[in-house]
Structure formats: C-alpha cells, structure tokens
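The values are calculated or read from the model by the stated rules, or taken from the named source; none is laboratory data. Keep in mind that this is a model prediction, so the values were computed, not measured. Cβ atoms come from the backbone with ideal geometry, glycine included; neighbour counts cover every protein chain shown.
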C-alpha cells in the first residue's frame with residue numbers, strides 16, 4: 001500500500017507509476033527488441049520533463065516555505081521531494097537492469113553496442129577518422145580549474161566530466177588534478193554505426209567514441225591518467241514572463257525561453273562510478289543543495305536518445321508499420337466539403353488517415369467560395385503541411401486567422417518560429433487569452449453558398465500534427481452542424497474579445513462551463529441510479545487529477561452509478577474501495593501507440609450522451625485553459641465511439657489495473673478468455689468497417 005491522504009493518490013507519485021508502465025514495455029519480451037530500447041528512451045524523456053515541470057513545481061513550494069498539502073493530495077512538499085527521489089533512484093536502477101538484458105538479446109541478434117575498451121584495431125582507424133571529420137570541431141570543452149565561476153550547463157545536454165591526474169612535475173597551485181567538461185554535441189547522431197563485419201552490426205555511442213579520443217582533445221596537458229564520467233542537470237522549466245508593456249507577446253515568450261537556460265537546477269544525475277573527489281568538486285562548484293534531487297545513475301545519460309536508436313535494416317526487430325485506413329464513404333478523390341455538407345465524419349488516427357485534415361485545409365485554401373479559415377494551433381510538426389496549407393490560403397486571398405499558443409510547453413521556440421513565418425505571409429495571428437492557455441483543437445471555415453454563408457469545421461482530441469498523428473491515438477470530427485459551428489465561431493470571438501463571456505448551446509468550453517457541465521451530467525446519472533434506472537459513466541482520458549471531479553465520481557459510485565475509467569497517465573482517484581468507490585473500475589493501456597483521446601459517455605437513461613474533448617479532468621484544463629468539448633449527434637459515429645471504448649475496455653493484454661496497491665498489475669484473463677490487445681483489435685475493427 002502506498003501512502004494515501006484525503007482519499008487521493010498524489011499526482012506526482014501517480015505520474016511516476018505511469019512512467020513505470022512505460023518501463024514495463026521496455027522489459028516486455030513480447031515487444032520487438034529495438035522498440036524495447038525506444039521505450040527506454042521514452043521513459044527517460046518522460047523523466048526529464050517530469051523534473052523540469054512537476055519536481056520543479058514542488059521544489060518551488062518548499063523554497064517558498066509552504067507545505068503544499070492542499071494542492072498535493074495531503075502530502076507535505078518536503079516529504080514528497082524525498083519520496084520522488086527514492087522512487088526515481090529505484091526506477092533508474094531497474095532501467096539499467098533492463099538495458100543490460102536488452103543488450104544481451106541484441107548480441108544474440110548480432111547487434112553489438114561496444115565501448116571504448118572493446119574497439120578493435122580496424123575499428124580504431126574508422127573511429128579516429130570519424131572523430132576528426134565530424135566530432136572534433138563540434139566539441140565544446142571547458143577547463144574548470146582556472147574559472148572563477150562555474151559555467152552555465154544546458155539542461156538539454158549531457159556532459160563528460162573529465163579528470164586528469166597530472167604528472168608530479170606538472171601539478172600546480174590547483175592541486176594534482178585538472179578537471180574539465182566536454183558537452184556531448186547534439187548535432188551528431190548519438191549512435192555511430194561502425195563498418196559491418198560479416199553479419200555482425202557494431203554500434204558505438206558517441207560518448208564512448210569521445211572517450212576513446214580523449215588523448216586527441218587534451219594533447220597540451222601532461223597527465224598520468226585521464227578518465228571521463230557522464231553528468232547532466234535538469235532545470236526548472238517554468239516560464240517567468242515579464243510585465244514590460246513595451247514588449248510584444250512574442251518578445252516576452254522569447255525572452256522567457258532564453259531565461260529558462262539559467263533557471264534553477266532541480267536534478268543532478270551522475271555516473272555512480274565517478275571518483276568521489278570529482279563528484280565533490282562538481283557539487284561544490286554547482287551549489288547543489290538538499291532540495292535538489294541527486295541521482296546516482298549509469299554510465300550513459302540522456303537515454304531519451306534511444307528513441308532514435310537506428311533500425312539497422314532489422315524490420316523484424318521493430319513493430320510492423322500499419323497502413324492508415326480510409327474512412328468509408330469519405331473519399332479523398334472528390335470534395336470533402338461536399339460530403340461533410342450532408343453528413344458528419346470522424347477519423348481515429350493512426351488507424352485512419354490524418355490526410356483528411358490536410359486535404360480539408362488544402363481544399364479550403366483553393367476553393368474560390370471560401371472566405372475565412374480560423375484554426376487553433378498548439379503543437380505543429382517540424383515540417384507542417386497544416387501551416388503550409390494556411391499560408392497557401394492566405395496567398396489566395398482568404399482571411400486566415402490562427403490562434404497560436406506560444407506557451408505550449410517545450411514547443412515555445414518552434415511556435416515562435418511558426419508565428420513569425422505565418423505573420424510574414426499575411427496570416428492574422430492571435431496570441432491567446434491573458435492568464436489562460438489555449439489548448440482547444442478546432443478549425444472552422446466560412447464559405448459562400450447561395451445567398452448566405454455556410455460553415456464547415458473539424459474538432460479534435462489531439463494536435464493538428466502529421467508526425468504525432470502516426471503514433472498518438474486521437475479522434476477528429478468533421479461537421480457542418482450549424483449549431484456546433486455557431487458555437488465554434490463564438491470561441492474564436494472569445495479569443496479576440498475575451499472580456500466577454502459567451503453562452504454555448506452545444507459545445508462544452510473551458511474555463512467557464514466544462515466543470516459545471518460534466519458535474520451536471522454526473523448528477524443526472526446519480527438521479528437515474530437513485531430512481532432505480534440503469535446509470536453508467538464511461539470515460540477515457542490522459543490524466544485525472546481534479547479532486548473536485550474525483551469527489552464527484554466517489555459520490556456517483558456511492559449512489560450506485562457504474563463507472564469505467566481508461567486513464568493512460570496520472571489517476572488521483574482510488575477505485576474499488578468499499579463505501580467510497582466500489583462501483584468504479586479503472587485501467588491504463590500503454591502499448592505501441594500513445595493513447596491520447598478524451599471521450600466521455602453518460603448512460604442518460606438508455607439514450608447515451610457521447611462527447612469528445614481536448615480537456616482531461618485536470619484543474620489546469622477545467623479552470624485555466626481554453627478547451628472545447630463536442631457532443632456527438634450522428635448515430636453511426638456515436639455507435640463507433642461506444643464500440644471503440646468497449647474494445648479498449650476489453651483489453652486483457654496491455655491493460656494495467658488501478659488499485660490502492662498502485663502496483664501496475666496487468667489485468668488477469670478470465671478462464672478460457674481469448675487474449676485481447678485493444679490497439680490491434682481497433683485496427684481490425686476499422687478494417688471490418690470498410691468491408692461491411
């Protein structure tokens with residue numbers, strides 16, 4: 001049993017348990033071998049972001065002299081920092097065990113990851129040539145002893161901490177040791193493929209390639225021995241935006257992103273085999289304090305780079321790529337607008353093609369009758385077809401309005417670049433609402449038809465991003481429903497006149513109505529249960545942290561409402577507790593694709609109400625963001641959402657059960673039950689729909 005306060009699981013601890021599920025994927029021998037390595041990379045990348053955001057937030061509470069119990073589910077902030085560090089040390093240790101196991105299995109497949117001590121004479125020549133041609137000129141090397149101030153370390157980089165034990169006649173007032181830092185270059189692939197030997201593949205990690213060539217870096221020093229161990233820091237990623245009224249919003253965000261480089265460190269990770277005197281030297285120079293998380297790790301850091309581990313042409317060691325399916329009756333060959341005018345359509349990426357989104361925008365960009373295009377942008381692909389279509393539309397004289405969220409965490413710099421590019425091409429940009437992030441996923445066009453204007457649009461649970469659409473599961477609804485699009489028009493009006501609060505007949509919009517609407521829908525189920533009618537709630541989300549909504553589901557459970565939750569990440573609710581949540585079941589599915597949709601289903605006395613949304617039940621989504629949820633009116637699409645929820649709920653292969661134990665136990669199969677892996681079953685479901 002983990003510590004629970006006030007009937008909730010602490011969100012930071014729950015998040016760490018989610019990342020443990022990612023780590024489980026890297027340990028699962030049924031997952032293809034190279035993809036297991038990539039899950040290790042995802043685990044590490046997640047952990048980096050956790051420390052930049054969540055750990056940093058708790059540390060700020062401690063630094064402010066507060067306990068934080070009211071916002072941390074009953075935990076004291078200082079105790080929580082210690083608990084986090086303890087869990088992370090255990091998880092890091094487990095990840096190293098898993099990596100060693102994967103390494104052995106790779107060797108059985110004739111893939112060898114070698115270090116600088118295992119290099120053959122033939123490989124040495126290739127490595128030195130590679131070093132001088134590609135690496136040497138990219139190295140940033142700093143001699144530390146002579147500096148009065150320790151250099152500013154980049155939290156996105158990893159460093160080799162170098163110790164040189166000087167020859168006696170070359171030691172000076174700095175003592176017998178010289179220390180240096182080498183920043184691992186980010187512009188060079190972390191994994192260097194060496195010449196193949198027969199059917200054997202050899203890879204050396206860039207860190208070890210540099211270690212092998214240390215003599216070539218420090219040729220001017222006379223030393224007896226030299227060693228290099230990896231370190232890295234993680235900094236607070238909070239944006240502190242100044243109030244200078246003379247600056248534009250883009251300038252303020254740009255300045256804040258730059259300031260992030262010098263924000264306080266919150267985690268220091270080091271190779272546990274580093275010499276004690278080197279570690280002590282670094283900690284003193286870097287002013288590492290008690291509230292920082294100090295993590296002894298393995299030989300390599302920035303394991304997030306394993307997300308890009310080379311395929312080596314071994315498709316048999318990776319998940320088979322699926323071909324995104326078309327939507328029946330939604331032909332890409334003709335006009336999408338013409339089809340949407342008569343019927344709603346929905347896509348579920350990556351099972352179905354994201355190309356419908358870009359086709360919709362391209363068609364709108366060229367259609368002479370289209371007058372305006374309005375869209376919200378949160379995260380775009382590096383080479384975005386969506387942005388290209390919007391620029392094309394502006395060049396064709398359309399009035400294009402883009403609400404771009406410059407504070408999308410870790411995408412601020414990319415969104416600033418896109419904002420500048422779009423602005424230069426004549427696109428009208430809106431930079432959000434003061435005090436709120438815009439996280440909604442909506443697009444609307446206005447087209448001249450007959451003597452009036454007809455609206456078309458789409459609304460999604462995920463970003464309009466071609467890259468993530470290949471690995472994130474998300475629903476997107478295309479509609480010409482007059483009421484929905486009239487409401488959507490009000491949302492865009494709110495972006496420009498946000499002192500005015502609008503009323504909506506169809507859409508569920510944060511921050512004004514999402515919480516109250518869902519509470520009303522839950523109350524309806526409670527009333528049905530108390531009247532002896534069937535009552536149920538089925539929810540699929542990324543994370544569930546709002547204590548207000550947790551309490552509401554506890555109330556519904558006590559009234560007899562049957563509740564099923566599919567929560568990929570954080571879940572502060574504790575299901576299955578007698579007298580509190582005995583009618584609530586909750587699972588998490590972590591598999592090949594990242595589960596990203598938000599779907600809400602309410603029994604409604606036998607006529608289910610179904611919604612998709614951009615909002616999780618988190619305080620930030622309910623109260624501090626502009627989010628949009630949409631009712632599903634089309635009977636076929638409503639049934640499709642009911643079907644796909646049931647398929648996900650039936651998973652007995654990749655589903656983990658939430659309980660008060662928080663042990664990430666896989667759901668047990670009943671006697672004689674066939675194995676169901678929901679992501680594969682969903683693809684089969686959509687294949688069958690095409691054949692019907």
Query raised in the report: For region 42-60, how many residues are in contact with a helix residue (DSSP H, G or I) (Cβ under 7 Å, 6 or more places away or on another chain) and surrounded by 20 or more Cβ atoms within 10 Å (Cβ to Cβ)?
Result: 9
Query raised in the report: Any residue in region 459-466 that is in a strand (DSSP E or B) and in contact (Cβ under 8 Å) with a residue 12 or more places away in the chain?
Result: yes
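Looking only at residues in region 110-122 that are in contact (Cβ under 8 Å) with a residue 60 or more places away in the chain, outside any helix (DSSP H, G or I) and farther than 15 Å from residue 206 by Cβ, which one is farthest from the chain's Cα centre (by Cα)?
Applying the filter and picking the extreme gives 110.
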Query - Complete set of residues in region 433-455 that are touching a helix residue (DSSP H, G or I) at 6+ places or on another chain (Cβ under 6 Å) and within 19 Å of residue 611 (Cα to Cα) - result: 442, 444
Query raised in the report: Given the structure, is residue 651 touching a strand residue (DSSP E or B) at 6+ places or on another chain (Cβ under 8 Å) and over 21 Å from residue 510 (Cα atoms)?
Result: yes
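Quick check on this structure: which one of 107, 97 is within 26 Å of the chain's Cα centre (by Cα), assigned to a helix (DSSP H, G or I) and exposed (fewer than 13 other Cβ atoms within 10 Å of the Cβ)? Can you show your working first?
Working: 107 fails: within 26 Å of the chain's Cα centre (by Cα).
The match here is 97.
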Report task. All but one of (1) surrounded by 15 or more Cβ atoms within 10 Å (Cβ to Cβ); (2) out of contact with any helix residue (DSSP H, G or I) (no Cβ under 7 Å at 6 or more places or on another chain); (3) touching a residue at least 24 places away in the same chain (Cβ under 8 Å) hold for residue 487, so report the exception by its number. Result -> (3)
Query raised in the report: Residue check: is residue 362 surrounded by fewer than 21 Cβ atoms within 10 Å (Cβ to Cβ), more than 23 Å from the chain's Cα centre (by Cα) and in a strand (DSSP E or B)?
Result: no
Report task. Kindly check whether there is at least one residue in region 667-676 that is surrounded by fewer than 17 Cβ atoms within 10 Å (Cβ to Cβ), at pLDDT below 95, in contact with a strand residue (DSSP E or B) (Cβ under 7 Å, 6 or more places away or on another chain) and assigned by TED's automatic domain parsing to the domain that holds residue 576. Result -> no
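Matching residues to (1) closer than 24 Å to residue 301 by Cβ; (2) assigned to a loop (DSSP other than H, G, I, E, B); (3) free of Cβ contacts under 8 Å to residues at least 24 places away in the same chain:
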| position | (1), (2), (3) |
| --- | --- |
| 15 | yes, no, no |
| 19 | yes, no, no |
| 25 | yes, no, no |
| 46 | yes, no, no |
| 53 | yes, no, no |
| 68 | no, yes, yes |
| 81 | yes, no, no |
| 90 | yes, no, yes |
| 93 | yes, no, yes |
Report summary line: (1) exposed (fewer than 15 other Cβ atoms within 10 Å of the Cβ); (2) modelled with pLDDT of 80 or more all hold for residue 175 apart from (2)
Query raised in the report: Checking residue 390 against (1) in the same structural domain as residue 444 (by TED's automatic domain parsing); (2) in a helix (DSSP H, G or I); (3) surrounded by fewer than 19 Cβ atoms within 10 Å (Cβ to Cβ), which single condition isn't satisfied?
Result: (3)
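Which of the residues spanning region 30-41 are part of a helix (DSSP H, G or I), in contact with a helix residue (DSSP H, G or I) (Cβ under 7 Å, 6 or more places away or on another chain) and over 20 Å from residue 86 (Cα atoms)?
From region 30-41, those part of a helix (DSSP H, G or I) are 33-41; that's our starting set.
Now narrow it down to the ones that are in contact with a helix residue (DSSP H, G or I) (Cβ under 7 Å, 6 or more places away or on another chain): 33-34, 36-41.
Correct list: 33, 34, 36, 37, 38, 39, 41.
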